[in-house]
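Trainee: Once you've had a glance at the structure underneath, I'll fire off some questions.
None of the figures in this text is laboratory data; all of them are computed from the coordinates on show. Note that the coordinates shown come from a computational prediction; the quantities given were computed from them, not determined experimentally. Positions of Cβ are generated from backbone atoms using ideal geometry, with glycine treated the same way; all protein chains shown enter the neighbour counts.
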Amino acid sequence: MQKEASVREELFEKLKAVVGEENISRDEAVLRVYSYDVSPYKGQPEIVVRPSNASEISEIVKLANEYRIPVVPRGAGSGAAGGAVPVSGGIVVELTRMNRILEIDIKNLQVVVEPGVVHANLNRELAKYGFFFPVDPGSSEMATIGGLISNGGSGMRSVKYGVTRDYVMELEVVLPSGKIVTMGSKAPKSASGYDLVRLFVGAEGTLGIVTKARLKILPLPKSRALVLSAFDDLEKAGKAVVNTFSAGLVPSGIEILDRTAIEAVKKYNPEIDIPLVEALLLFEVDGTPRGVKEEVETIKEVCEKSGAVKIDVATSKERFDQLWSARAMVGAATTALNPDCVRVYEAEDVTVPISNVPRMLLKIREIGEKYGMNIVTFGHIGSGNLHPALVINVLDESEWDKLWKISEEIQTSAIELGGTTTGEHGVGIARAKYMEREHGEALEVMRTIKRALDPNNIMNPGKMAL
Amino acid sequence: MNDKIIEACVPEVVKCVHCGKCRAVCPTLDVLGWDNYGSRGRMILAGEIIRNGFDPDETGLNSIFTCTTCKHCTTVCPTKAKVPEVMEMTRSILVGRKKHPDIHRVLYERVEKLGNPYDEHKDRLWWIPDFREPEEAEVMFFVGCTPTYRTVEIAKSVVKILDGLEIPWTFVRDQKCCSSPLIRTGWGSITTDHNIEKIIETAEATGADTVITSCAGCYKTIIQDYPIEDLDIRIMHITQYLAEKLEKGEIELPQKPGLRVTFHDPCHLGRHAGEYDAPRKVIESMGVDLVEMEHNRQSSWCCGAGGGVRIAFPELTEKIATKRVNEARAVDAELILSACPFCVYNLRVNSQDIPVRDIVEFIAELM
Ligand SMILES: Cc1cc2nc3c(=O)[nH]c(=O)nc-3n(C[C@H](O)[C@H](O)[C@H](O)COP(=O)(O)OP(=O)(O)OC[C@H]3O[C@@H](n4cnc5c(N)ncnc54)[C@H](O)[C@@H]3O)c2cc1C
Ligand code: SF4
Ligand code: SF4
């Protein structure tokens, strides 16, 4: 024990020499704060460091290897899977000091950023040039680019614009050995070598720490419009989405609010004018003003044919913002439904093939009824990604029992419907137990890669069932 | 005592789902970087202290006591978590355990002994020795400690404006500190009953039916922390009072056309009391060119002084205030206006080049 303590002291002093006194802490208060992310999981680190560059990180990782202590990268800690939670203790490496946009290269449609850049800040800067990084998570104001990359995140506009992995061209990574390597290419496309960039997108800090990223960017669309279609039947709404794609259209986003979500929004903000029906679809289209106009017309036609009971096109900015904010509000509104309850992020990211979305929605409702919980569901139907919001009184133990059961049933149903437990939030601890079912033999391949790169299992151990 | 506070605090603490949305707006996190110095970290620590038996170390205490109670976090929070209130409750619990910045105890003792937190022994009306209570008045002026002892120009300006506009006024008799510095720091109010009693007494003696104050902190405290529901007396910030008179066409304010001014929303007037328009109406009525800073109204950036932070952590306050002044510089403001003596005082000492005035000073100087 004595020896253990003096070894830890030695490690602390060495880390301090790397990052400086201001940027390291093992104060109990700090350790308790860095024990959480958005998920209900918790694990206390031994040390937190806030490095400012890749070489510091390299030194930190080398020391961790020498002392065989876990390293847990952390961005904003807005992840919902427990990815940044140090379940095995160790050193939390918080990357928020590395928040510089290093290069905006409009000619080549790319930017180079440090991992701690907050998503919204990147887009605010790019907007000055008329450009944007199209991935748009609901957590834009807090999520870091490093976190988005590592969780393989995406957002409401992924139908047309794709997900984070479609935009990462090149990464600088500190490997578990401490080696700093650059992977990928500056060229718009490359067929050279294994696609290591894609391996690191979604690796959740288990293979190394991202210290720099070159991202693709696009010009901001000139025009946007929103079509709101109301359906008295979930299946019809699902069909409308399929029919839209069949008509050759790719809206930037298609969002769904089921009755529970509409009720929640109306209760949260009665001024929001949306019909109370079984399902609302929000189609967002963008592009040139002419293209947008045409697409709006086609969507209207498709929805009418698919049995929409009401269609509303938002042309004014006010109406557009109101409707889009209705969607953005659902997550928050769920908590407002009952003042004693809050949302627990569990089973919140199930994703199924698009044609199975209506079935998944019905299934969630059924599970809710079985356990007597009003589960508000909303999500990116255009990409099959649903966000059921489980809301409980967290001070009541029996509600937690119920929550775990519901979570299990929802996630199992998603897998049974040919889907996955996570479309964009990642696996972390929350969904580790489903890895085997979702990946079968492929999980062993992942483990082999993990062992090869991180033989001492220091990088974010305990995550992703690796 | 503590049990009761804990009971009230727990349901508020668990409202924080740790989403981190507040990271973008917390002025102390912005300066200090560590998550424990931001809203989410503070909510986690409050939970650890209240629910998990955490006996906070120095860093823990500093985390809880560096919150300026600016409420910026609550305005962006998806669950509207009441962070400032939780901080006040947690501070009360810590004060009960004798764990707090020493200087906050000193403030308490000064208010208890002298009725003000500034260790001033002077009479509160030292700056207006000729004052005699009139037989009749329309409004009662609650001056507050900062204008009385630190920014007396503000107190004098209010008087000049009221006289200039021929509004019959008096002082709330024998006033004491509103207790805002004590409540925010977890020490609770010790002057509420006294001040309410004096307000009633003055109203009965002079017929005045409105209390006005130029201090955003006093204003918030009286309307939100004093049990005044049954009081048949209006409590108004002076900008509200003037805006109302302007709207009714009863008064006109002096003009300063062409001057490029910006307005700093005091947290206690804006986010806490929901008043953003009245000060702007007053400013705009003066013909100036009002430009907004990057952060304004609901998203106004705190000046860094509130919540007992200025006295306990002056370097932190200075850094936050400097950021705010830089925002004014970024919009080329020639003058920063605010509506709170504490904000004005704090921004003024941290602004090298741009002058800072309270709205009432600005009006009075032109009268
Ligand atoms: C209200 C709300 C809405 C959300 N909406 C969306 C959404 O629309 N789309 C979406 O995709 N997600 C969403 N999320 C989830 C979350 O915001 C994302 O997963 C986000 O990308 C996490 O970023 P972060 O900086 O907070 O990362 P963290 O939570 O700090 O970390 C996430 C994971 O990445 C690892 N990591 C972090 N930085 C690095 C790095 N530099 N190198 C290596 N590993 C690293 C961590 O170890 C962890 O495993 C939402 C969350 C909330 C609370
Ligand atoms: S205070 Fe609100 S915004 Fe901040 S982490 Fe908690 S829930 Fe999120
Ligand atoms: S009230 Fe202000 S200082 Fe306090 S936690 Fe919230 S944003 Fe930070």
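Trainee: Show that you can apply the helix-only estimate: for the protein assembly as shown, add -39,500 (n - 2.57) for every DSSP H stretch of four or more residues, divide by all residues, and state [θ] at 222 nm to the nearest 500.
Mentor: On the way: 33 runs with 346 residues, N = 833.
Roughly -12500 deg cm²/dmol at 222 nm, from the helical runs in the protein assembly as shown.
Trainee: Hey, rough spin-label estimate for A:K310 and A:Y371, points 7 angstrom out along Cα→Cβ, what's it come to in nanometres?
Mentor: 3.2
Trainee: With r defined as the distance between the Cβ atoms of A:R319 and B:E204 and R0 fixed at 41 Å, what FRET efficiency is calculated, to the nearest 0.05?
Mentor: Numbers: r = 54 Å, r/R0 = 1.31.
According to the calculation, E is roughly 0.15.
Trainee: Filter the cross-link list B:K80/B:K198; B:K122/B:K160; A:K212/A:K433; B:K99/B:K122; A:K160/A:K293; B:K156/B:K323 down to pairs whose alpha-carbon distance in this structure exceeds 27 Å.
Mentor: On the way: B:K80/B:K198 35 Å; B:K122/B:K160 22 Å; A:K212/A:K433 31 Å; B:K99/B:K122 31 Å; A:K160/A:K293 17 Å; B:K156/B:K323 29 Å.
Check vs 27 Å cut-off fails for B:K80/B:K198; A:K212/A:K433; B:K99/B:K122; B:K156/B:K323.
Trainee: For chain A, take the longest principal axis of its alpha carbons; what is the angle in degrees between that and the long axis of helix A:54-67, to the nearest 10 within 0 to 90?
Mentor: 60
Trainee: If you look at just the Cα atoms of the range A:338-462, how large are its Rg and its Dmax in Å?
Mentor: 16.1, 50
Trainee: Continuing with this model, one more query. Tell me whether the range B:266-367 comes out rounded, prolate or oblate; compute the Cα gyration tensor, take square roots of the eigenvalues as a ≥ b ≥ c, and use a/c under 1.5 as the rounded threshold. Before the final figure, lay out the partial values.
Mentor: Values: a/c = 1.59, a/b = 1.38, b/c = 1.15.
Cα axes put the range B:266-367 in the prolate bin.
Trainee: Please list, by residue number, everything in the range A:153-183 whose backbone N is under 16 Å from a paramagnetic label point 7 Å out along Cα→Cβ of A:L196.
Mentor: Only A:169-183 pass the distance filter.
Trainee: If you average the C-alpha positions of the range A:379-407 and of the range A:298-345 separately, how far apart do those two centres end up, in angstrom?
Mentor: Distance between centres, Cα-based: 20 Å.
Trainee: Would you mind computing, in nm to one decimal, how far apart the modelled labels at B:R132 and B:E112 are, each placed 7 Å from Cα along Cα→Cβ?
Mentor: 3.9
Trainee: Also, I was wondering about something else. Taking the Cα atoms only, what angle lies between the long axis of helix A:289-305 and the longest principal axis of chain A, rounded to 10 degrees?
Mentor: Approximately 70 degrees, to the nearest 10.
Trainee: Where does the range A:123-181 land on Rg/Rh, using Cα atoms and the Kirkwood Rh?
Mentor: On the way: Rg = 13.2 Å, Rh = 12.8 Å.
Taking Rh as the inverse mean 1/r over Cα pairs, Rg/Rh reads 1.03.
Trainee: Also, quick follow-up: Which chymotrypsin sites (Phe, Trp or Tyr not before Pro) from the range A:147-256 combine a DSSP loop assignment with at most 16 other Cβ atoms within 10 Å? Working shown, then result.
Mentor: Working: sites: A:Y161, A:Y167, A:Y194, A:F200, A:F231, A:F245; in loops: A:Y167, A:Y194.
Taking the range A:147-256 and a limit of 16 other Cβ atoms within 10 Å, the loop chymotrypsin sites (Phe, Trp or Tyr not before Pro) found are A:Y194.
Trainee: A further question on this structure: If you take the Cα Rg of the range A:195-345 and divide it by 2.2 N^0.38 Å, with N the number of residues, what do you get? Working shown, then result.
Mentor: Details: Rg = 18.4 Å, N = 151, 2.2 N^0.38 = 14.8 Å.
The range A:195-345 yields a ratio of 1.25.
Trainee: Could you give me the percent of Cα pairs per 20 Å distance bin for chain A, shortest bin first, beginning at zero and ending with the bin that holds the maximum distance?
Mentor: Going out from 0 Å in 20 Å bins, chain A shows 24, 54, 20, 1 percent.
Trainee: Now a separate question. Please give the Cα centre distance for the range A:1-66 versus the range B:156-191, rounded to the nearest Å.
Mentor: Cα centroid of the range A:1-66 versus Cα centroid of the range B:156-191: 50 Å apart.
Trainee: Same structure, new question: Let a ≥ b ≥ c be the square roots of the eigenvalues of the Cα gyration tensor of the range B:2-96; is it rounded (a/c under 1.5), or, if not, prolate (a/b larger than b/c) or oblate? List each step's numbers first, then the result.
Mentor: Numbers: a/c = 1.79, a/b = 1.28, b/c = 1.40.
Oblate, since a/c reaches 1.5 and b/c is not below a/b.
Trainee: Taking 8 Å as the Cα distance limit and 6 or more residues as the minimum spacing, I'd like the relative contact order of chain B as a percentage.
Mentor: Working: 648 pairs, mean separation 62.6, N = 367.
Value for chain B: 17 percent.
Trainee: Answer with one residue from B:V25, B:L61, B:G38: the one whose Cα lies farthest towards the positive end of the charge dipole of the range B:2-96, charges on Cβ with Lys, Arg +1 and Asp, Glu -1.
Mentor: B:V25
Trainee: Just need the Rg to Rh number for the protein assembly as shown, please, alpha carbons only, Kirkwood Rh. Please report the intermediate quantities before stating the final value.
Mentor: On the way: Rg = 28.9 Å, Rh = 29.0 Å.
The Rg/Rh ratio comes out at 1.00.
Trainee: Rounded to two decimals, what is the ratio between the C-alpha radius of gyration of the range A:199-242 and 2.2 N^0.38 Å? Provide the component values of the computation, followed by the final result.
Mentor: Values: Rg = 19.7 Å, N = 44, 2.2 N^0.38 = 9.3 Å.
In units of the 2.2 N^0.38 Å rule of thumb, it is 2.13.
Trainee: Which FRET efficiency value, to the nearest 0.05, do you get for A:L362 and A:L175 by plugging their Cβ-Cβ distance into 1/(1 + (r/R0)^6) with R0 = 41 Å? All intermediate terms of the calculation are to be shown ahead of the outcome.
Mentor: Working: r = 46 Å, r/R0 = 1.12.
Rounded to the nearest 0.05, the efficiency is 0.35.
Trainee: Largest first, please: the extent of the C-alpha atoms of the range B:153-288 along each principal axis, to the nearest Å.
Mentor: Here the Cα extents, ordered largest to smallest, are 46, 34, 27 Å.
Trainee: List the residues whose amide H sits under 5 Å from the amide H of B:F141, counting only those 5 or more places along or on another chain, with H placed 1.01 Å from N in the peptide plane.
Mentor: B:T170, B:F171, B:V172, B:I212
Trainee: Summarise the partner chain shielding of A:33-39 as one whole number: the mean count of Cβ atoms from other chains within 10 Å of each residue's Cβ. Provide the component values of the computation, followed by the final result.
Mentor: Working: counts 16, 5, 2, 8, 3, 5, 2.
Mean shielding by partner chains, rounded to a whole number: 6.
Trainee: Starting at the first residue of the range B:222-231, write each ³J(HN,Hα) from the Karplus equation 6.51 cos²θ - 1.76 cosθ + 1.60 with θ = phi - 60°, in whole Hz, x for Gly and Pro.
Mentor: Result, ordered by residue: 5, 6, 10, 9, 8, x, 10, 3, 8, 7 Hz.
Trainee: What is the calculated FRET efficiency for A:T182 to A:L443, with r their C-beta to C-beta distance and R₀ = 25 Å, to the nearest 0.05? List each step's numbers first, then the result.
Mentor: Numbers: r = 28 Å, r/R0 = 1.13.
Once rounded, the FRET efficiency stands at 0.35.
Trainee: Where a Cα-Cα gap under 21 Å defines reach, which lysines qualify for A:K14, not counting those fewer than 8 residues away within the same chain?
Mentor: A:K3, A:K62, A:K179
Trainee: Contour minus end-to-end for B:T322 and B:L165, with contour as 0.36 nm per residue of separation and end-to-end as the Cα-Cα distance?
Mentor: Details: separation 157, 0.36 × 157 = 56.52 nm, distance 3.57 nm.
Between B:T322 and B:L165, full extension yields an extra 53.0 nm.
Trainee: Quick one: among B:V76, B:V25, B:V139, which has the greatest mean-square fluctuation in a GNM of chain B with alpha-carbon springs under 10 angstrom?
Mentor: B:V76
Trainee: Alpha carbon centre of the range B:40-109 versus the range A:162-232: separation in Å?
Mentor: 39
Trainee: Note the angle between two axes, namely the Cα long axis of helix A:2-19 and the longest principal axis of the Cα atoms of chain A, as a number of degrees from 0 to 90, rounded to the nearest 10.
Mentor: It is inclined by approximately 70 degrees.
Trainee: Would you please classify the overall shape of the range A:159-248 from the alpha carbon gyration tensor, given that a ≥ b ≥ c denote the square roots of the eigenvalues, rounded means a/c under 1.5, and beyond that prolate means a/b larger than b/c while oblate covers the rest?
Mentor: Values: a/c = 3.05, a/b = 2.29, b/c = 1.33.
In terms of gyration-tensor shape, prolate.
Trainee: If you filter the range B:316-367 for GluC sites (Glu not before Pro), then keep DSSP loop positions with at most 10 other Cβ within 10 Å, what is left? Before the final figure, lay out the partial values.
Mentor: On the way: sites: B:E318, B:E327, B:E334, B:E361, B:E365; in loops: B:E334.
Counting only loop positions with at most 10 other Cβ atoms within 10 Å, none of the GluC sites (Glu not before Pro) in the range B:316-367 qualifies.
Trainee: Another question, then. Run the quick spin-label model on A:E271 and B:K248: label points 7 Å from Cα toward the beta carbon, then report their separation in nm to one decimal.
Mentor: The two pseudo-label positions are separated by 2.7 nm.
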